[in-house]
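The values are calculated or read from the model by the stated rules, or taken from the named source; none is laboratory data. No experiment lies behind these values; they were computed from the predicted model shown. Neighbour counts run over all protein chains shown; Cβ positions are idealised from the backbone, glycine included.
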Amino acid sequence: MSRPDRPDRADLVGWLRRAAIAVLIAVGAMLGFAGPASAHNVLVSSDPANGATLDKAPTAVSFTFDQPIENFDPALKVFGPNGHDFATSAPIVDGSTVSASFAAGPTGTYRAVYRIVSADGHPVTGQITFTLSDSAAGSATGMPTAQTNAPTGPVATGGTASGLGGWLWIIAIVAAALVAATIVIALRKPRGQPPH
Ligand SMILES: [Cu+2]
């Protein structure tokens with residue numbers, strides 16, 4: 001590998017090659033972490049199930065994830081057909097499940113939304129819908145309570161992927177530059193040919 005006549009250049013090529021490999025490994029690792037399944041809590045199930053039509057109203061709404069939830073400022077709201085929140089308790093975190101009590105209101109479709117903090121510290125939000133039939137409807141009005149911190153705006157999942165995007169670009173460019181530099185230096189002084 002190393003050439004006795006120009007050890008400095010051989011060292012540089014070797015260093016660049018190792019640096020390029022290290023950067024490529026780092027990029028691979030970051031791409032792995034950017035995948036929602038590897039780091040973020042992923043919703044495994046809900047009760048009621050997403051899209052369910054119920055003839056009997058539930059007394060609670062819960063979301064279960066693939067790993068434990070950080071009990072840090074969780075939010076769980078159940079918006080009824082009239083837009084009111086029919087959750088009747090603050091969210092309760094128990095292991096990998098977050099739940100809130102529910103009191104049935106009018107017939108129609110309800111949208112249950114959550115915001116939790118993943119085991120990896122990242123916030124995760126999402127929602128499901130379910131429908132109460134006439135027989136499941138109740139007398140609750142869903143009038144505003146003390147809980148006012150509903151997640152608002154579009155529900156986003158996997159938000160950190162976009163945040164990582166900028167860094168991935170920078171690292172990819174650095175990696176490409178290192179690879180190019182390695183090739184250029186290696187080609188400039190072909191092995192076995194003495195320098196002029
Ligand atoms: Cu995360």
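Residues of the range 39-89 that are charged (D, E, K, R) and over 22 Å from S133 (Cα atoms): D66, E70, D73. For the range 46-80, taking the residues that are over 18 Å from P123 (Cα atoms) and in contact with a Ser or Thr (Cβ under 6 Å, 6 or more places away or on another chain), the one that is surrounded by the fewest Cβ atoms within 10 Å (Cβ to Cβ) is identified as D55.
Take the range 52-64 and flag every residue that is small (G, A, S), in contact with a Phe, Trp or Tyr (Cβ under 8 Å, 6 or more places away or on another chain) and either assigned to a strand (DSSP E or B) or at pLDDT below 95 (or both).
Selection gives A60 alone.
Scanning the range 1-51 for residues that are of a type in the set (G, A, S), at pLDDT 70 or above and on the phi < 0 side of the Ramachandran plot gives A10, G14, A19, A22, A39, S45, S46, A49.
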